1. What ranking do 29-39, 136-146 get when scored by the average of other Cβ atoms within 10 Å per residue, highest first?
2. Name the lysines eligible as straight-distance cross-link partners of Lys91: C-alpha to C-alpha under 18 Å, and not fewer than 8 places from it in the same chain.
3. When each pair of different Cα atoms in the range 1-96 is counted once in the 1/r mean, what is the Kirkwood radius in angstroms, to one decimal?
4. Return a whole-number percent for the relative contact order of the chain, with Cα pairs under 8 Å and 6 or more residues apart as the contact set.
5. Taking 1 over the mean of 1/r across every pair of different Cα atoms in the chain, what Kirkwood radius in Å do you get?
6. What distance in nm separates the two pseudo spin-label positions at Glu173 and Ala52, each 7 Å out from Cα along the beta-carbon direction?
7. Calculate the length of the line joining the C-alpha centroid of the range 103-166 to that of the range 1-53, in whole Å.
8. Taking all protein chains as present, what is the carbon and sulfur share of the accessible area of the range 48-140, in % to the nearest whole number, probe 1.4 Å?
Amino acid sequence: MARVPYLHRDQADEANKPLYDRLEAERKVPTANIFLALAHAPEQLDGFLTYANSLRASELGPALRELAILTVGHVTRSAYEVAHHHSHGLKAGLTEEQIAAVGDFESSELFDETEKAVMRLAKESTLRVDVSEETWAAAAERLPRKQMVELALSIAWYNSGVRIMGMLDIDLEGNYPNPFPNS
């Protein structure tokens, strides 16, 4: 049960209705629980959406971005993040098999060396915050500097997201299967 009630459009102040219009235009309908919880802080939610959109518009390829996000979700065991980004991963060109293998990417033959380097960076940053020179260099050898910065911003951003979801105890919507059913 979420630690704050989900604030639906019909419960929001009239001044904040345009935020719901934005959510419905830019995100999935019905509005996801994370956004309904963050709607209690409308100015921050607006900034949250703007920042997330800037990451999606970056030069970093969508498949690499989604692999990084899914890795963050797996490392933190965030059912919400993994479930929501499953469809994003498919849209980015990942296969069902790749998405299923993210949790054990090191031993998988489904990922190339660039993908594994990105996932190692996401995993190490999530677990340790600081990353080793070796981990950084493996990704930096394969991606231009701008994409490395975009990757760092994406990994950090989604780490903040899983922590917000965890702290607020955001419920996974019923139309999403729990990727970690035994936890």
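1. 29-39, 136-146
2. Once the sequence-local lysines are set aside, what remains near Lys91 is Lys28.
3. Numbers: mean 1/r = 0.0685 Å⁻¹.
One over the average 1/r among Cα pairs gives 14.6 Å for the range 1-96.
4. Numbers: 175 pairs, mean separation 56.1, N = 183.
After rounding, I find 31 percent.
5. Values: mean 1/r = 0.0584 Å⁻¹.
For the chain, the Kirkwood estimate is 17.1 Å.
6. Going from the Glu173 label point to the Ala52 one covers 1.1 nm.
7. After rounding, the separation between the Cα centres reads 28 Å.
8. Details: 2210 of 4220 Å².
Looking at the range 48-140 in its full context, I get 52 percent from C and S.
The values are calculated or read from the model by the stated rules, or taken from the named source; none is laboratory data. Fair warning: this is a prediction, and the values are worked out from it, not measured in the lab. Please note: Cβ atoms are built from the backbone with ideal geometry, for glycine as well, and neighbour counts cover all protein chains shown. These accessible areas exclude ligands, DNA and RNA; they are computed on the full protein's heavy atoms, side chains included. Shrake-Rupley method; radii C 1.70, N 1.55, O 1.52, S 1.80 Å.
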